[in-house]
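Asker: Submitted below is the structure of interest, expressed as structure tokens.
The values are calculated or read from the model by the stated rules, or taken from the named source; none is laboratory data. Please read all numbers here as calculations on a predicted model, not as lab measurements. Positions of Cβ are backbone-derived with ideal geometry, glycine not excepted, and every protein chain shown enters the neighbour counts. For accessibility, only protein heavy atoms count, side chains too; no ligands or nucleic acids. Shrake-Rupley method; radii C 1.70, N 1.55, O 1.52, S 1.80 Å.
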Amino acid sequence: MLKEFGFDYGLKPRLILVSDISFPEYFQKAKCIAIAFIHCPDSLDNLITTEIGFLCEVEEYAEKFMDCLMQWVKDSGDDGDAVELEFIELLDGEYMLGIAPNVDRFLKRMIEPMLMERVDPMFSMATQGKGGMRIGENYSLFKSQYVKGRRIPVRIFYGSKDGKIQKNSERYFVKTEFKFSKEGELPNESLGHGLLAKKDKPFNPKNFKRKGPVDMAPIEKRRMEELNHFFPLILDRIEREKWLEGVIASIPPHISRPEVIQAICNIVLLERLKQNNPLSINTDGPGHDMNLLQHLLQQVESFSSYFPPPELFTKALIKKQAKLDKKYLTEYLQKI
């Protein structure tokens, strides 16, 4: 539905993304026994790790688990590092392997390149851990010789609880980066924060509200940069031709000049949308800012763009639009 909207160009619309949520279920049903490390001697007879894998009991679900991982790899241009694998050493002498989509590659898969720098992605990322494994010779050998960039195939192995490998899956992906961390010293981006978190921690809605003041300077700077990008002709008419100067001068001083200019641009945008198919874009309700951003990125303002007649821009209409824009800004900043 096409209706009046508020939008502040100093903000990046939030884009909610949800990663693959099926792979943890398949992993659990696959009954992973351990992580297998395959070592072979090099030219100097030193053992090196040539591949690693998940040693599973239930082939049906292990293959479905692998389907998920292989899809991430395929969708990232056959990049095996689309699968994040983090070895987390625990305080009790065991280690856990964290499994999740790699965040950077996930975002590149999910967000169009033209939107990447203009949105604030918020995402829910499913993770899975495999724990209960002692830090032994195989793991220690792999870690000690690990070099970022070296190609290591990752696949599924099948076996029983005694740890013996009976066969392996033909499919595999190649990783060049693994992460290592320690409980109590986890880096900010570690999967361990979620995997080791207390399950009984109560949900508190206040955690999702902004707690501190907001620095408005970068927002105000970005607002004018984006207005200049999307509406160069409108800003040129306002600044150089003194278009609507009399009406603008009548606006109360508590509404800043950049906010007035933004309001005029949004009024023009709405009128331009009315000239086109009014059903082609929804400006009503949540997500309207993403709809507007995508439209603006696809439409370039030109001398053939529609300009409403000057009499449309009354003091009352500009104040009303500025109020809608301020409401959008306030509600946005109230959230994290």
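Asker: For segment 21-38, give me each residue that is open to solvent by 40 Å² or more (accessible area, probe 1.4 Å) and closer than 22 Å to Gly80 by Cβ.
Answerer: Listed by number, the residues that qualify are Ile21, Tyr26, Ile38.
Asker: Being open to solvent by less than 40 Å² (accessible area, probe 1.4 Å) and not in a strand (DSSP E or B) is the requirement here; does Leu69 meet it?
Answerer: yes
Asker: Mind checking whether some residue in segment 181-189 is modelled with pLDDT of 95 or more, in contact with a strand residue (DSSP E or B) (Cβ under 6 Å, 6 or more places away or on another chain) and surrounded by 12 or more Cβ atoms within 10 Å (Cβ to Cβ)?
Answerer: Yes, there is a match, as at least one residue in segment 181-189 is modelled with pLDDT of 95 or more, in contact with a strand residue (DSSP E or B) (Cβ under 6 Å, 6 or more places away or on another chain) and surrounded by 12 or more Cβ atoms within 10 Å (Cβ to Cβ).
Asker: One residue is enough: does segment 151-158 have a residue meeting the conditions of a type in the set (D, E, K, R), out of contact with any strand residue (DSSP E or B) (no Cβ under 6 Å at 6 or more places or on another chain) and open to solvent by 40 Å² or more (accessible area, probe 1.4 Å)? Talk me through it step by step, then tell me what you get.
Answerer: Step one: filter segment 151-158 for residues of a type in the set (D, E, K, R), giving 151, 155.
If we keep only those that are out of contact with any strand residue (DSSP E or B) (no Cβ under 6 Å at 6 or more places or on another chain) too, we end up with none.
The answer is no, given that none of the residues of segment 151-158 is of a type in the set (D, E, K, R), out of contact with any strand residue (DSSP E or B) (no Cβ under 6 Å at 6 or more places or on another chain) and open to solvent by 40 Å² or more (accessible area, probe 1.4 Å).
Asker: Quick one: which strands (runs of 3 or more DSSP E) sit completely within segment 133-193 and have at least 1 residues that are of a type outside the set (A, V, I, L, M, F, W, C), in contact with a Ser or Thr (Cβ under 6 Å, 6 or more places away or on another chain) and in contact (Cβ under 8 Å) with a residue 12 or more places away in the chain? Before the answer, list the steps.
Answerer: Details: elements: 152-159, 165-175, 179-182.
Hits in segment 133-193: 152-159, 179-182.
Asker: Does Gly194 qualify as being modelled with pLDDT under 95 and under 30 Å from Gly98 (Cα atoms)? Talk me through it step by step, then tell me what you get.
Answerer: On the way: modelled with pLDDT under 95: yes; under 30 Å from Gly98 (Cα atoms): yes.
When the stated conditions are applied, Gly194 passes them.
Asker: Taking Tyr9 as meeting all but one of (1) outside any loop (DSSP other than H, G, I, E, B); (2) open to solvent by less than 80 Å² (accessible area, probe 1.4 Å); (3) touching a Phe, Trp or Tyr at 6+ places or on another chain (Cβ under 8 Å); (4) at pLDDT 95 or above, write down the number of the exception.
Answerer: (1)
Asker: So which residues in segment 120-132 are part of a strand (DSSP E or B) and of a type in the set (A, V, I, L, M), if there are any at all?
Answerer: Of everything in segment 120-132, just one residue is part of a strand (DSSP E or B) and of a type in the set (A, V, I, L, M), namely Met122.
Asker: With respect to the numbered conditions (1) open to solvent by less than 90 Å² (accessible area, probe 1.4 Å); (2) farther than 17 Å from Asn266 by Cβ, which one is the sole condition not fulfilled by Gln298?
Answerer: (1)
Asker: Name the single residue that is most open to solvent (accessible area, probe 1.4 Å) among those in segment 39-57 being of a type in the set (D, E, K, R) and not in a strand (DSSP E or B).
Answerer: Asp45
Asker: Output the residues belonging to segment 73-93 that are farther than 13 Å from Pro153 by Cα and open to solvent by less than 10 Å² (accessible area, probe 1.4 Å).
Answerer: Once the filter is applied, which keeps residues that are farther than 13 Å from Pro153 by Cα and open to solvent by less than 10 Å² (accessible area, probe 1.4 Å), segment 73-93 yields Ala82, Glu86, Phe87, Ile88.
Asker: Now for a separate question. From the list Lys335, Lys320, Lys327, exactly one residue is open to solvent by 90 Å² or more (accessible area, probe 1.4 Å) and either acidic (Asp, Glu) or touching a Gly at 6+ places or on another chain (Cβ under 9 Å) (or both). Which is it? Please lay out each step first, then the result.
Answerer: Numbers: Lys335 fails: either acidic (Asp, Glu) or touching a Gly at 6+ places or on another chain (Cβ under 9 Å) (or both); Lys320 fails: either acidic (Asp, Glu) or touching a Gly at 6+ places or on another chain (Cβ under 9 Å) (or both).
Every option except Lys327 fails the conditions.
Asker: Filter segment 104-119 down to the residues that are free of Cβ contacts under 8 Å to residues at least 24 places away in the same chain and either outside any loop (DSSP other than H, G, I, E, B) or under 12 Å from Leu17 (Cβ atoms) (or both), then identify the one that is most open to solvent (accessible area, probe 1.4 Å). Please lay out each step first, then the result.
Answerer: First, pick out the residues of segment 104-119 that are free of Cβ contacts under 8 Å to residues at least 24 places away in the same chain: 104, 112-113, 116-117.
Now narrow it down to the ones that are either outside any loop (DSSP other than H, G, I, E, B) or under 12 Å from Leu17 (Cβ atoms) (or both): 104, 116-117.
On the way: Asp104: 101, Met116: 60, Glu117: 134 Å².
Going through the qualifying residues, I end up with Glu117.
The rows are residues; the columns are (1) touching a Cys at 6+ places or on another chain (Cβ under 9 Å); (2) in contact (Cβ under 8 Å) with a residue 40 or more places away in the chain; (3) of a type in the set (Asp, Glu).
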{"site": "Lys242", "(1), (2), (3)": "no, no, no"}
{"site": "Ile255", "(1), (2), (3)": "no, yes, no"}
{"site": "Ile264", "(1), (2), (3)": "no, yes, no"}
{"site": "Gln275", "(1), (2), (3)": "no, no, no"}
{"site": "Ser280", "(1), (2), (3)": "no, no, no"}
{"site": "Asp284", "(1), (2), (3)": "no, yes, yes"}
{"site": "Pro310", "(1), (2), (3)": "no, yes, no"}
{"site": "Leu333", "(1), (2), (3)": "no, yes, no"}
